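S.K.: Sharing a structure, written as structure tokens. Questions coming.
Every number here is computed from the coordinates shown, using simple stated rules; none is lab data. Small disclaimer: the values here were computed from a predicted structure and weren't measured. Glycine gets a Cβ as well: all are built from the backbone with ideal geometry, and neighbour counts include every protein chain shown.
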Amino acid sequence: MIRSELIQKIADENPHLTQRHVERIVNTVFEEIIEALAKGDRVELRGFGAFSVKARDARLGRNPRTGEAVDVEQKDVPFFKTGKLLRDRLNGK
Amino acid sequence: MSERTLTRMDLSEAVFREVGLSRNESAQLVEAVLQHMSDALASGETVKISSFGTFSVRDKSARIGRNPKTGDEVPISPRRVLTFRPSHLMKDRVAAGSKR
């Protein structure tokens, strides 16, 4: 499923909303999650999962082409942990 | 850093502000987004949201695990797990956000 299919499904269920409206609604949900993570906040959606930010330590990396050593700075990366309900559903429970 | 935890309520509040539907309907639409994504994943489908990220379902085979406390061997049955791969845009924004 891709973004446009998700928008279509929700538009089909809500004939009183225009496609444009549904697009804005769906985009707002994803944008809000990214904004929260960019601020270092967590987003916890019970039953679905939780988005958080984890720190990756600085390390000595390597340019895979030249084999040269390069310093990689400390950085924050997004992380997702699947919620219990969804995890159970994946396994047919 | 603030370290707040956002929930469904914050997402529906954002939809309410952005689109001007009632709070109740905004909440229902946020739920619909999560529900459709969950349904697709439960049926084994990959969910790919451009400029956000990709959720995919992977099959893990059976293995012998160990209870870390007692050291007892316990069989772990085959199962399906979900992995999330953030988009470059999300990674860049999260990395940039932490530098400020």
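S.K.: Counting pairs on different chains as well as pairs 8 or more places apart, how many Lys pairs in chain A have Cα atoms under 23 Å apart?
M.R.: So the count of such lysine pairs works out to 8.
S.K.: Give me a single rounded figure for A:53-61: the average over its residues of other chain Cβ atoms within 10 Å of their Cβ.
M.R.: Partner-chain Cβ atoms within 10 Å, mean over residues of A:53-61: 1.
S.K.: Dipole of chain B, Cα-centred, from +1 at each Lys and Arg C-beta and -1 at each Asp and Glu C-beta, to the nearest 20 debye?
M.R.: Computed charge dipole of chain B: roughly 520 debye.
S.K.: For chain A, find the longest principal axis of its Cα atoms and tell me its angle to the long axis of helix A:3-13, 0 to 90°, nearest 10.
M.R.: Between the helix axis and the principal axis of chain A, the angle is about 20 degrees.
S.K.: Among B:64-70, A:31-37, how do they line up by average Cβ neighbours within 10 Å per residue, starting with the highest?
M.R.: By packing density, highest mean first, the sequence is A:31-37, B:64-70.
S.K.: Right, something else. Where does the charge balance sit around A:Lys84 when Lys and Arg score +1, Asp and Glu -1, over other residues with C-beta under 11 Å from its C-beta?
M.R.: Net charge in that neighbourhood comes out at +4.
S.K.: Can you tell me the relative contact order of chain B? Whole percent, Cα pairs under 8 Å, sequence separation 6 or more.
M.R.: Rounded, it is 18 percent for chain B.
S.K.: Using a 10 Å cut-off around each Cβ of peptide A:41-50, what is the average number of partner chain Cβ atoms that fall inside?
M.R.: Counting Cβ atoms of other protein chains within 10 Å of each residue's Cβ and averaging gives 6.
S.K.: On average, how many beta carbons from a partner chain sit within 10 Å of the beta carbon of a residue in A:15-22?
M.R.: Per-residue shielding by partner chains comes out at 2.
S.K.: Let me ask another. Between A:Ser52, B:Asn67, A:Gln19, whose Cα lies farthest towards the positive end of the dipole of the protein assembly as shown when Lys and Arg beta carbons carry +1 and Asp and Glu beta carbons carry -1, centred on the Cα centre?
M.R.: B:Asn67
S.K.: Taking θ as phi - 60°, what are the ³J(HN,Hα) couplings along the stretch A:63-80 by the Karplus curve (6.51, -1.76, 1.60), each to the nearest whole Hz, with x for Gly and Pro?
M.R.: 5, x, 7, 9, x, 6, 7, 9, 6, 10, 6, 4, 8, 9, 10, x, 9, 10
S.K.: Could you work out how far apart the two model spin labels at B:Thr46 and A:Glu73 are, taking each label as a point 7 Å from the Cα in the direction of the beta carbon, and quote it in nm?
M.R.: Those two pseudo-labels are separated by 3.2 nm.
S.K.: Tell me the angle of helix B:88-99 to the major Cα principal axis of chain B, expressed in degrees between 0 and 90 and rounded to the nearest ten.
M.R.: Between helix and principal axis, roughly 80 degrees.
S.K.: Could you pull the Rg and Dmax for the protein assembly as shown, using just the Cα atoms, both in Å?
M.R.: Cα-based Rg and Dmax for the protein assembly as shown come out at 19.2, 59 Å.
S.K.: Going by how many other beta carbons lie within 10 Å of each one, how would you line up B:Leu41, B:Leu11, B:Leu34, A:Leu60, fewest first?
M.R.: A:Leu60, B:Leu34, B:Leu41, B:Leu11
S.K.: For B:Gly53, what residues show an amide H to amide H distance below 5 Å, using hydrogens built from the backbone and excluding near sequence neighbours?
M.R.: Amide H neighbours of B:Gly53: B:Ser87.
S.K.: Amide H to amide H, which residues 5 or more places from A:Gly47 or on other chains are under 5 Å from it, using H placed in the peptide plane?
M.R.: Amide H neighbours of A:Gly47, under 5 Å, 5+ apart: A:Lys84, A:Leu85.
S.K.: Residue by residue through the stretch B:53-70, what is 3J(HN,Hα) from phi via Karplus (6.51 cos²θ - 1.76 cosθ + 1.60, θ = phi - 60°)? Round to whole Hz and write x for glycine and proline.
M.R.: x, 10, 9, 10, 9, 10, 8, 10, 7, 5, 8, 8, x, 9, 6, x, 7, 9
S.K.: Calculate the radius of gyration of the Cα atoms of chain A to one decimal place, then report Dmax, the largest Cα-Cα distance, as a whole number, both in Å.
M.R.: Expressed in Å, the Cα Rg and Dmax of chain A come to 19.0, 59.
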